[in-house]
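Enquirer: Below you'll find the structure I mean.
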Amino acid sequence: MPKNAVITGWGFYAPTRVMTNFDFEKIVDTSDEWITSRTGIKERRFAADGESTSTMAVRAARLALERAKLRPQDVQLVIVGTCSPDYLFPATACIVQSELGATRAGAFDVEAACTSFVTALGIARGMISSGTVENALVVGAETLSRLLNFKDRGTCVLFGDGAGAVVVEASNASVGVESVVLHSDGSKGELLMVEAGASRLPASKETVELGKHLITMQGGEVFKLAVKSMADAAEEALREAGLGLEDIDLMIPHQANIRIIEGVAKRLRFPMERVFVNIQRYGNTSAASIPIAMAEAEATGRLARGDKVLLVAFGGGFTWGAAVLEWFGAHDGVRAQSALDRARDALEDVVDRVRPL
Ligand SMILES: CC(C)(COP(=O)(O)OP(=O)(O)OC[C@H]1O[C@@H](n2cnc3c(N)ncnc32)[C@H](O)[C@@H]1OP(=O)(O)O)[C@@H](O)C(=O)NCCC(=O)NCCS
């Protein structure tokens with residue numbers, strides 16, 4: 001019988017180095033007023049020397065595992081959503097798997113830019129409900145500061161670093177991740193990209209001199225498509241879950257720009273009071289933004305057991321998607337009994353029975 005996929009653990013890590021809009025006034029021709037009014041961003045975090053996507057992912061993942069009371073050696077799958085991996089290969093997920101000691105887990109990265117976390121959640125849900133795995137660690141992690149062109153004021157002020165993680169587990173409970181919808185339009189890929197450094201345009205002295213190994217974006221075009229696509233995906237995910245917007249307690253959108261978020265809410269006629277926003281403190285952390293927001297929403301009392309949550313994302317590719325889930329909270333009583341669990345319980349029973357003898 002297909003199992004439901006339930007989030008049983010969550011955690012995030014934001015690097016300690018804060019870059020305010022005033023710091024950017026010293027780097028490019030910009031102002032706190034321009035950045036705040038056009039994007040809603042006041043500050044973002046940048047990774048320290050020695051930190052990278054995998055190190056931040058590991059910190060977020062440890063918190064999520066602790067919350068789920070799941071031992072690293074019991075994790076069956078590690079998926080890292082990222083467009084700023086440690087290396088082209090090996091996958092960042094393999095580095096995370098090794099650092100955690102998740103010795104029995106398969107591991108791979110998912111690259112769908114800012115939609116990577118929703119995409120990875122959809123894969124985890126599919127593999128859990130088909131019975132392929134009993135649990136998955138799903139991480140969104142980015143070190144976009146290393147891909148920013150600090151001579152391009154139109155992009156460098158927008159992005160930040162960080163990581164968020166969730167544990168997803170098979171459950172016989174009737175709730176969980178209720179729908180995931182994904183879409184793409186590869187014909188728009190050039191509007192938001194890192195052009196050089198891979199097989200089509202390998203890194204060279206020239207590509208580096210021209211800054212082609214860094215993010216380029218036509219922001220206006222991205223903006224226009226993001227609002228409509230996110231709103232459409234949200235409605236589709238709700239239809240698939242058999243719910244309406246009135247059922248949703250909290251929308252957690254990808255944090256790209258407060259005007260995009262407000263545009264989506266307006267188009268859906270969804271009240272901003274029920275939209276979680278933390279872009280002012282982190283900027284756009286791409287794949288990490290939704291799991292960071294989810295963990296912060298929980299920590300600040302915006303998420304309670306039974307709440308219906310709508311996730312919605314848009315990013316380079318172009319890619320976009322949405323998910324509907326019911327927040328379960330702590331793992332107790334959720335975990336479906338695996339063969340291993342059953343064996344462990346049976347052994348404990350035997351030990352209990354022979355102990356008094
Ligand atoms: C990038 C973005 C904030 C720009 O806002 P905008 O209102 O569209 O601004 P424009 O691009 O039209 O630029 C207007 C002017 O501001 C200038 N400008 C751009 N960045 C600036 C900055 N950091 N500081 C000051 N001025 C800036 C531009 O050079 C332009 O000047 P010009 O008219 O003299 O040429 C906006 O397009 C956006 O958020 N797009 C979506 C980006 C995004 O979220 N991408 C990720 C998706 S996952």
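We did not get these values from a lab; they are worked out from the coordinates using the rules stated. Values in this document were obtained by computation on a predicted structure and should not be read as measured data. Heads up, the Cβs are rebuilt from the backbone with ideal geometry, glycines too, and the neighbour counts pull from every protein chain shown.
Enquirer: What residues have an amide H closer than 5 Å to that of MET251, excluding those fewer than 5 places away on the same chain, when H is modeled at 1.01 Å from N in the peptide plane?
Expert: VAL275, PHE276, LEU310
Enquirer: Compute the angle between helix 116-129 and the longest alpha-carbon principal axis of the chain, please, reported from 0 to 90 degrees and rounded to the nearest 10.
Expert: So the helix axis and the longest Cα principal axis differ by about 20 degrees.
Enquirer: P(r) for the stretch 103-184: what percent of alpha-carbon pairs falls in each 5 Å bin, starting at zero?
Expert: Per 5 Å bin, starting at 0, the Cα pair percentages come out as 3, 13, 20, 20, 16, 11, 8, 5, 4, 1, 0.
Enquirer: Okay, moving on. What is the diffusion coefficient of the chain in µm²/s, taking the Kirkwood radius over Cα pairs and the Stokes-Einstein relation at 37 °C with a viscosity of 0.692 mPa s?
Expert: The Stokes-Einstein estimate is 159 µm²/s.
Enquirer: Rounding to the nearest 10 and keeping the result within 0 to 90°, find how far the Cα-based axis of helix 53-68 lies from the longest principal axis of the chain.
Expert: 30 degrees
Enquirer: Taking 7 Å along the Cα-to-C-beta vector as the label spot, tell me the GLU209-ASN172 distance in nanometres, rounded to one decimal.
Expert: In this crude label model, GLU209 to ASN172 measures out at 6.8 nm.
Enquirer: Right, another one. Mind running the shape call on the stretch 1-158? Use the C-alpha gyration tensor, a ≥ b ≥ c as the square roots of the eigenvalues: rounded below 1.5 for a/c, prolate if a/b tops b/c, oblate otherwise.
Expert: Note, shape of the stretch 1-158 comes out prolate.
Enquirer: Between SER187 and ARG269, what is the label-to-label distance in nm when each label sits 7 Å out along the Cα-to-Cβ direction?
Expert: So the two model labels end up 3.2 nm from each other.
Enquirer: Counting only C-alpha contacts under 8 Å and six or more residues apart, can you give the relative contact order of the chain as a whole percent? Please report the intermediate quantities before stating the final value.
Expert: Details: 855 pairs, mean separation 87.8, N = 357.
Value for the chain: 25 percent.
Enquirer: Alpha carbon centre of the stretch 213-277 versus the stretch 6-81: separation in Å?
Expert: Spelled out, the Cα-based centre of one part sits 21 Å from the other.
Enquirer: Run through the DSSP bridge list for the stretch 4-332 and note the antiparallel percent, rounded to the nearest 5.
Expert: Expressed as a percentage, antiparallel bridges in the stretch 4-332 total about 75.
Enquirer: What order do you get for ASP86, ASP109 when you list them from fewest to most C-beta neighbours inside 10 Å?
Expert: ASP86, ASP109
Enquirer: Given +1 on the Cβ of Lys and Arg, -1 on the Cβ of Asp and Glu, and no further charges, what dipole in debye does the stretch 4-332 carry about its Cα centre, rounded to the nearest 20?
Expert: Using only the charged Cβ atoms, the result is roughly 220 debye.
Enquirer: What does the highest-first list of 291-297, 193-199 look like by mean Cβ count within 10 Å?
Expert: In descending order of packing, they fall as 291-297, 193-199.
Enquirer: Provide the net charge surrounding VAL227, with neighbours chosen by a C-beta distance below 10 Å and charges set as Lys +1, Arg +1, Asp -1, Glu -1.
Expert: Counting the neighbours of VAL227, the net charge comes to +3.
Enquirer: If Lys and Arg each add +1 and Asp and Glu each add -1, what is the summed charge of the other residues whose beta carbon sits under 14 Å from the beta carbon of ARG274?
Expert: That works out to -2.
Enquirer: Of the DSSP beta bridges with both residues in the stretch 1-151, give the percent that are antiparallel, rounding to the nearest 5.
Expert: That works out to approximately 30 percent antiparallel.
Enquirer: Follow-up. By how many degrees, between 0 and 90 and to the nearest 10, does the Cα long axis of helix 289-299 differ from the longest principal axis of the chain?
Expert: Approximately 60 degrees, to the nearest ten.
Enquirer: Still on this structure: So, counting K/R as plus one and D/E as minus one, what does the shell of residues with Cβ under 14 Å around ASP152 add up to?
Expert: Combined, the nearby Lys, Arg, Asp and Glu give +1.
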